[in-house]
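Here's the structure, in structure tokens; my notes come after.
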């Protein structure tokens with residue numbers, strides 16, 4: 001056996017014999033593997049790139065979408081027309097406890113916590129600390145100093161957390177108009193509900209929502225009406241101040257009221273139930289339907305003037321005796337028992353005279369103008385709580401309905417309807433829907449014409465005459481040229497009149513030579529007092545309150561009193577000799 | 001040799017570019033972090049300001065002011081006659097000199113109004129004036145009396161364009177209340 005030269009004989013004997021072309025094959029295989037590896041890297045890189053694109057583009061968010069570092073509150077602020085905060089959200093301190101993880105003695109800890117949180121009883125705190133639940137809230141809206149002291153107690157089971165809380169700095173002020181939110185931060189009533197999306201919008205919430213309300217006017221009216229309700233032992237009250245040229249609501253008061261910071265609690269601290277609900281969350285201004293009585297006479301006379309039925313205010317109507325229609329008797333509370341001119345009918349609030357004017361005008365004109373004034377549908381305002389007016393169907397709107405509606409009976413509307421209607425009466429005849437949003441001068445709605453300028457001028461003189469010579473004399477705030485009309489009606493409960501219970505109201509405007517504001521007040525079931533000599537009528541109860549309200553709000557609203565200016569009321573009333581004739 | 005030099009040059013250039021890019025990136029990231037920190041600080045301060053504002057607004061809320069007024073100040077709304085419409089009307093309220101007690105002393109009584117000067121009004125007498133609020137005009141009225149018999153008038157600070165308030169005239173003697181009459185219905 002021949003040996004391979006240079007190879008050890010043992011090795012040479014063990015090594016297999018070389019095959020021709022073996023090296024070429026091995027080299028080719030190595031090349032293939034290398035090529036595979038070389039191709040693998042780009043593929044891997046491609047996979048990484050695809051994944052990066054997926055993460056960065058498909059699953060990621062652009063810089064704009066990323067939550068920016070922003071000081072915008074979780075829910076937009078609400079401010080009044082002058083920028084005063086009415087509602088705002090801030091990060092309050094809340095104290096949570098995980099009772100199972102307490103390291104301190106609950107009894108001792110309860111003592112210490114009761115010292116820090118005086119509004120909580122030791123028993124309540126101990127109840128939370130010994131609860132079997134995993135997590136309990138010990139307190140919400142804790143002051144920073146209290147939170148610090150609790151944190152210093154050092155128990156790991158007690159945690160000081162931050163949570164968004166809605167704060168109403170003015171407590172009960174305009175509570176029903178503003179509304180409140182639930183624990184999830186959604187508006188439940190009032191402006192909070194009507195503008196819920198706007199207030200929660202991530203972009204829009206950075207800017208506060210400016211309302212038309214004026215806290216000074218709101219406070220003045222709320223304070224005066226609350227004093228009146230207490231004095232009269234009344235069931236409630238409502239009030240509106242409206243800008244006659246823009247329809248902006250400067251004040252919206254409904255009593256009794258509530259504290260929107262603790263909406264689930266009554267004023268005495270007890271929780272609301274269906275049994276003890278005193279109606280304090282009920283907005284009487286927009287949701288309360290009332291027969292508003294003689295304040296409607298102004299609309300009847302204006303409609304008669306506008307329709308051409310009444311061409312001369314000195315026209316006389318027979319008010320010598322009561323009217324009988326459809327089994328009902330229409331009488332005057334303070335009957336003059338003679339023929340009365342239109343101004344006399346108005347200032348003495350003659351139901352008989354007004355009914356005669358309405359019959360002369362006719363049902364169609366009456367309905368037409370009531371419809372134009374928005375009295376036949378819910379008032380057009382932003383809040384959702386709106387009452388539907390109650391009135392007879394056309395088939396049942398006969399002569400008796402025409403007569404009773406002419407002096408404000410047989411038709412229920414809200415105080416806001418009345419305010420918007422009076423604004424149209426005195427502002428030159430333009431009806432503008434009331435609004436709770438501040439309107440800049442350039443954005444005032446054009447409105448719709450209901451009455452002519454001349455009709456409006458005549459009504460202004462009549463309203464002023466009521467305050468200078470008629471039933472509204474106690475509303476005459478010196479220098480402010482107040483005009484208005486009283487209204488007293490029996491209260492309706494469950495569809496029936498309640499004898500002895502009245503709803504009294506007074507609709508006023510000032511200054512009457514160039515009206516700027518309408519003030520409407522309504523008192524629900526006044527009981528009389530020493531201040532009103534026991535009387536419960538609008539002229540004795542509501543008119544003095546309107547005077548006080550106007551004297552408080554007029555300087556703030558820039559209305560300067562001027563005793564030297566007034567409307568020309570000469571010739572409106574007949575002379576004594578003419579009366580005798 | 002040339003190949004080695006070329007490779008070294010390429011490596012050096014690439015390293016320099018990468019290092020430069022890294023420096024720029026690092027500086028940009030640092031700047032961005034600073035801006036972010038500043039934004040966070042701004043937001044924290046804004047939130048803190050809001051908290052303080054909330055406390056302030058709550059303490060100075062209208063119901064609180066009303067409570068203070070009812071309990072302590074007991075201020076009432078000005079009556080129509082207390083609000084003046086012109087400086088002439090204001091000056092007419094100046095105390096009349098009392099000849100019985102007249103002396104050579106000349107106390108200076110000042111009245112501040114915020115109304116603009118009436119057209120054609122006579123220039124005011126030159127007199128040393130104390131510092132005054134912008135927009136307010138001061139009328140100096142002097143008379144040779146030792147004492148002022150009527151209630152002293154004071155300049156009431158008023159916001160711009162607001163009407164002027166003066167103290168109410170002495171209350172009329174109490175009258176018997178008019179007999180009650182229900183004239184409102």
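Please treat every number below as a calculation from the coordinates, not as lab data. Computed from a prediction, not measured in an experiment: that's the story for all the values here. When we count neighbours, we look across all protein chains shown, and the Cβ atoms used for this are built from the backbone with ideal geometry, even at glycine.
What to note about this one:
- Per-peptide average of other Cβ atoms within 10 Å, ordering B:8-20, A:79-91, A:469-481 highest first: A:469-481, A:79-91, B:8-20
- Reciprocal of mean inverse Cα separation for segment A:436-509 (Kirkwood radius, Å): 15.3
- Cα radius of gyration and Dmax for segment A:257-382 (Å): 20.8, 60
- Tilt relative to chain A, helix A:363-372 - C-alpha long axis, 0 to 90 degrees, to 10: 40
- 0 to 90° range, to nearest 10: angle between helix A:106-116 axis and chain A longest Cα axis: 50
- Sequence ranges A:496-502, A:548-554, A:123-129, ranked by mean other-Cβ count within 10 angstrom, highest first: A:548-554, A:123-129, A:496-502
- Peptide A:514-524, shielding by other chains (average Cβ, 10 Å cutoff): 0
- When only alpha carbons of segment A:383-449 are considered, Rg and Dmax amount to 15.0, 45 Å.
- The equivalent ellipsoid that matches the C-alpha gyration tensor of segment A:529-581 spans semi-axes of 29, 24, 7 angstrom, in descending order.
- Note on segment B:1-64: along the principal axes its Cα atoms extend 93, 9, 6 Å, ordered by decreasing extent.
- Label sites at residue A:318 and residue A:132, each approximated as a point 7 angstrom past Cα along Cα to Cβ, lie 8.5 nm apart.
- Segment A:425-581 - Debye-derived log10 I(q)/I(0), Cα point model, q = 0.14, 0.16, 0.21 Å⁻¹: -0.83, -1.02, -1.31
- Dimensions (Å) - segment B:53-97, Cα atoms, principal axes, largest first: 50, 22, 20
- Measure of compaction for chain A (Cα Rg per 2.2 N^0.38 Å): 1.56
- Within 10 Å of each Cβ in B:72-84, the average number of Cβ atoms from other chains: 4
- Shape category assigned to segment A:344-469 from the gyration tensor of Cα positions, a/c cut at 1.5: oblate
- At q = 0.11 Å⁻¹ the log10 of I(q)/I(0) for segment A:133-213 amounts to -0.45, computed by Debye summation with a single uniform scatterer per C-alpha, solvent ignored.
- Over segment A:188-319, volume per residue of the alpha carbon convex hull, in Å³: 210
- Across peptide B:50-62, the average count of Cβ atoms from other chains found within 10 Å of a residue's Cβ is 6.
- Segment A:333-404 has equivalent-ellipsoid semi-axes of 28, 16, 11 Å, by the square roots of 5 times the alpha carbon gyration tensor eigenvalues, sorted largest first.
- Tilt relative to chain A, helix A:415-426 - C-alpha long axis, 0 to 90 degrees, to 10: 60
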